[in-house]
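Structure first, commentary second.
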Amino acid sequence: MISKLRGKIGLLQRTLAWPFIKLKISPNIISVIGLILALIGVYFVSVQNWPLAFLFFLLAPTMDLIDGCVARALNKKSNFGNYFETMIDKFVDFAMLGSFVLIHPLAAILALGFSMLSSYAKPRVALIIIADNHDWPAIGEHADKLIIILIALLLASFGFNVIEYGLYLIALIALIGTLQRMKYAKKLIEKAEKKGTLLPYIKKKKKR
């Protein structure tokens, strides 16, 4: 739900994007830079250097915040670019949550697993009905998990190691978010059934 604030920070996005726009750096390259920064953060998690892990896990999603702004400014928006950015975001998510597996294996696996289920719930409904990319009423989005990780790392930097609790919290909200998405998907599917707007191959199966 925190991601809804994204549309209200346009000035910050443009300010951060300005150097990349001036240098005419491709938005896809900016997305890859975000992944590289996340992987550096993974290293600092592995050696339990929480301040630097916090710094690089903060910088990594910042690239996601500005790549779209750069694409618009350089007139380089494309359908594949949108797809590529989203896939890189998932790699970054995996790197950030997966980095804690060796330190808190159970908590990290639960956070990863339920996050995977949560992210799959929305695109899966597009195999049944025509679905757009509007916001679904659910918690546990990318930004929600990111905020929890950053807060946990910041607290760990000051000696309050609550990272394991943060991972369990991510797992919990991802689970709740998954159930919310499933409920919302049911509503969308039932609405499509009434309107007769199921995807063609679904209609053919029903006729058989």
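The values are calculated or read from the model by the stated rules, or taken from the named source; none is laboratory data. Just so we're clear, the structure is a prediction, and the values are computed from it rather than from any experiment. Cβ: placed from backbone, ideal geometry, glycine included. Neighbour counts: every protein chain shown. When the accessible area is computed, the model is the full protein with side chains, heavy atoms only, and any ligands, DNA or RNA have been set aside. Shrake-Rupley method; radii C 1.70, N 1.55, O 1.52, S 1.80 Å.
Tabulated data
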| item | result |
| --- | --- |
| Any chance A174 is open to solvent by less than 50 Å² (accessible area, probe 1.4 Å), in contact with a Gly (Cβ under 8 Å, 6 or more places away or on another chain) and in a helix (DSSP H, G or I) | yes |
| Filtered residues of segment 96-111 (kept if hydrophobic (A, V, I, L, M, F, W, C) and surrounded by 21 or more Cβ atoms within 10 Å (Cβ to Cβ)) | M96, L97, F100, A107, A108, A111 |
| Subset of segment 77-120 (residues that are of a type in the set (S, T, Y) and either farther than 17 Å from G177 by Cβ or over 10 Å from the mean Cα position of the chain (by Cα) (or both)) | S78, Y83, T86, S99, S118, Y120 |
| Residue in segment 8-22 that is basic (K, R) and either open to solvent by less than 90 Å² (accessible area, probe 1.4 Å) or not in a helix (DSSP H, G or I) (or both) present | no |
| Residue in segment 30-46 that is without any contact (Cβ under 8 Å) to a residue 24 or more places away in the chain, closer than 29 Å to L169 by Cα, open to solvent by less than 50 Å² (accessible area, probe 1.4 Å) and part of a loop (DSSP other than H, G, I, E, B) present | no |
| Condition check for I202: farther than 30 Å from P51 by Cβ, open to solvent by 70 Å² or more (accessible area, probe 1.4 Å) and β-branched (V, I, T) | no |
| Search result, residues across segment 115-166 that are of a type in the set (A, V, I, L, M, F, W, C), open to solvent by 50 Å² or more (accessible area, probe 1.4 Å), closer than 15 Å to V92 by Cβ and touching a residue at least 12 places away in the same chain (Cβ under 8 Å) | I147 |
| F54 being open to solvent by 90 Å² or more (accessible area, probe 1.4 Å) and either aromatic (F, W, Y) or closer than 27 Å to F158 by Cα (or both) | no |
| Boolean, P61 is modelled with pLDDT of 95 or more and either not in a helix (DSSP H, G or I) or not acidic (D, E) (or both) | no |
| Among residues of segment 70-90, those that are surrounded by fewer than 13 Cβ atoms within 10 Å (Cβ to Cβ) and hydroxyl-bearing (S, T, Y), counted | 2 |
| Residue ID - farthest from V101 (Cα to Cα), chosen from residues in segment 146-194 that are of a type in the set (S, T, N, Q) and at pLDDT 95 or above | Q180 |
| Yes/no for L179 being open to solvent by 30 Å² or more (accessible area, probe 1.4 Å) and among the hydrophobic types (A, V, I, L, M, F, W, C) | yes |
| Residue within segment 70-90 that is part of a helix (DSSP H, G or I), of a type outside the set (D, E), closer than 15 Å to L146 by Cα and in contact (Cβ under 8 Å) with a residue 60 or more places away in the chain present | no |
